[in-house]
Amino acid sequence: MMVWIAQHGRSFTATFARFARTPLGAALNILVIGIALSLPVGLYVVIDNLQAASHHLAAEPQVSAFMVLDASRAEVAQVEARLKQDPRVQRFHFVPRDQALQELKQSSGLADVVDTLPQNPLPDAFIITAKDSTPQALEALRDEIKQWQRVAHVQLDAAWARRLDAALRLGRLLVATVAALLALALIAVTFNTIRLQVLTQRDEIEVTKLIGATDAFIRRPFLYFGALQGCVGGVVAWLIVNGGVYLVNRNLGELSHVYATLFQLKYLTPGDSLSLLIFPAVLGWFGAWLSVGRHLALIEPGANK
């Protein structure tokens, strides 16, 4: 066991020596890997934050019915009675115009402007949840309520949410596609880097084979190099993404102050951060394994060069 640990320790030390021999080339490779990884991870952060924000909004489709401004209590009660009798309505909530004005005053940050209004410009409204949430059923309910007397306007509140959900699904597919393509690129970069190292150290590898070293022993430092290069590239990507989130949040903070709303992008979670380190390390190891396995088989002691 101690011998096995000592062998891996020497291989790991040799990996750092490889980095030290070509610091500029290694740094450029790591930078390329980090930038490439930051693209899908950045898209993932944006989509994940948009999805989290959408959960705070209405999740189920609702129909909003707005009365005319001069609707009387009797006319409002008549609409309320029709909603109670309609079998398609699961539940509804009545929002008096005075309550709507107070909510607008508290949430918009325009209290001074609202106070200067000569009269309340908002109508009484009913927020309706239907039993059947299919688009056809909701549109039919909306069209019928439009025909009721003293109802000025009816709208579907969740139509935009469906479009947002469809856009998020497309975004997730885009992230997966870009991540797959860049994973192949990372493997290709590692493959080419290891190929150059193997060819450069061809004579050293031949001598090592002559004294009895196994392919596994020769391969091990290259595998560590590929894994470490991928892992450090993941660190660079982590710094780029979280640095971008910090800069965006600074600007969002200013906008939040202006519009009296609070929205901040979330940083990468510990689980996502760990994945960002492990995933490129595995890809780097795999690229190195492919490269060194292919080229090591072509190197035989005493073969013609």
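The values are calculated or read from the model by the stated rules, or taken from the named source; none is laboratory data. All figures in this text were calculated on a predicted structure; none of them were measured in a lab. Cβ coordinates were reconstructed from backbone atoms using ideal geometry, including for glycine residues, and neighbour counts include every protein chain displayed.
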Of the criteria (1) polar (S, T, N, Q); (2) buried (at least 18 other Cβ atoms within 10 Å of the Cβ); (3) at pLDDT 80 or above, which one residue 15 fails: (3)
Of all residues in the range 121-150, how many are among the polar types (S, T, N, Q) and surrounded by 15 or more Cβ atoms within 10 Å (Cβ to Cβ)? 1
With the requirement that a residue be modelled with pLDDT of 85 or more and outside any loop (DSSP other than H, G, I, E, B), what does the range 99-135 give you? 99, 125, 126, 127, 128, 129, 130
Looking only at the range 185-196, decide whether some residue is of a type in the set (D, E, K, R), without any contact (Cβ under 8 Å) to a residue 12 or more places away in the chain and part of a helix (DSSP H, G or I). no
Mind checking which pairs have a first residue in the range 198-224 that is assigned by TED's automatic domain parsing to the domain that holds residue 285 and a second that is at pLDDT below 80 and among the hydroxyl-bearing types (Ser, Thr, Tyr), Cβ under 8 Å, 6 or more apart or different chains? 217/208; 218/208; 220/11; 221/11; 221/15; 224/11; 224/15
Of 169, 202, the only residue that is at pLDDT below 85, more than 16 Å from residue 289 (Cβ to Cβ) and either within 17 Å of the chain's Cα centre (by Cα) or among the aliphatic types (A, V, I, L, M) (or both) is 169
Taking the range 126-159, which residues are of a type in the set (Val, Ile, Thr) and without any contact (Cβ under 8 Å) to a residue 12 or more places away in the chain? 134
Among the numbered conditions (1) closer than 30 Å to residue 137 by Cα; (2) part of a helix (DSSP H, G or I); (3) at pLDDT below 90, tell me where residue 44 comes up short. (1)
